[in-house]
1. Could you tell me which residue out of B:81, B:93, B:71 lies farthest along the dipole of region B:57-110 toward its positive end? Charges go on the beta carbon: Lys and Arg +1, Asp and Glu -1, centred on the Cα centre.
2. Quote the charge dipole size of chain A about the Cα centre in Debye, to the nearest 20; the model charges only the Cβ of Lys and Arg (+1) and of Asp and Glu (-1).
3. Take peptide B:4-11, look around each residue's Cβ out to 10 angstrom, count Cβ atoms belonging to other protein chains, and average those counts.
4. With both bridge residues required to lie in chain A, what share of the DSSP beta bridges run antiparallel, to the nearest 5%?
5. Under the Karplus relation 6.51 cos²θ - 1.76 cosθ + 1.60, θ = phi - 60°, what is the ordered set of whole-Hz ³J(HN,Hα) values for region A:52-61, x standing for Gly and Pro?
6. What residues qualify as long-range amide H neighbours of residue B:53, i.e. H under 5 Å apart, gap of 5 or more or another chain, H built at 1.01 Å from N?
7. Using the Cβ atoms and a cut-off under 14 Å, what net charge is assigned to the surroundings of residue B:64, where Lys and Arg are +1 and Asp and Glu are -1?
8. For chain A, modelled as a Gaussian network with Cα springs under 10 Å, which listed residue fluctuates most, A:96, A:18, A:39?
Amino acid sequence: DAGITQSPRHKVTETGTPVTLRCHQTENHRYMYWYRQDPGHGLRLIHYSYGVKDTDKGEVSDGYSVSRSKTEDFLLTLESATSSQTSVYFCAISDPLGADRVAYEQYFGPGTRLTVT
Amino acid sequence: AQKVTQAQTEISVVEKEDVTLDCVYETRDTTYYLFWYKQPPSGELVFLIRRNSFDEQNEISGRYSWNFQKSTSSFNFTITASQVVDSAVYFCALSEGGSEKLVFGKGTKLTVNP
């Protein structure tokens, strides 16, 4: 258990509504990630963070923004939700591993199921 | 660019059969890491194994084994004597050395029937 929680776990919202998903970790992990999972696509990286206030884009970042003002919290915001953003969203954490410190094994939160109607 | 291909979308077996899940990867780096994750019907993602590009030894953990072959850019996962509890979607993933990002395959859904 990597001490990761996501809130809310389920959400239904309307098109055009802003939505914020929260990822919270309790073990001071350096890296945090947001993924979306869709049938036929596996997991795709939206944004990630490598420290407080340090974030970068992933593969599918359009329409999403993130913020990390504290080590333990990583927020994902959909400024104006669209039906194409209906998905399951996973948060993950990692730290550099091993003697070479270049491997980043990720552990995942329980996921948030978001439906945009 | 890095890429992971899991060509088997779905596999169905009968309990106690052995089953191999294929994973083929592409990368230009000589240092990289390969991972397998399991996603049972409950939805959580469970880390199974990490392997680095310099270690081609096969690994066995109980009924699970992994075969890493650099010559064919493959990192296949075998479940011996499958059980119903092995039913899940399995993901293979790759990270290049020094990168904090993982690239995932699209997953293989394994159904083990009693």
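FYI, it's all coordinate maths here, none of it is from the lab. Only a predicted model underlies this, so the values are computations on that prediction, with no experimental measurement involved. Here the Cβ positions follow ideal geometry from the backbone for every residue, glycine too, while neighbour counts run over all protein chains shown.
1. Final value for the positive-end residue is B:81.
2. Details: 12 positive and 14 negative charges, 45 e Å.
Dipole magnitude for chain A comes out near 220 debye.
3. 0
4. 90 percent
5. Per residue, the Karplus-derived 3J(HN,Hα) values read 4, 6, 10, 9, 8, 7, x, 5, 10, 8 Hz.
6. Answer set, sorted by chain and number: B:32.
7. Local charge sum for residue B:64: +1.
8. Residue with maximal mean-square fluctuation among A:96, A:18, A:39: A:39.
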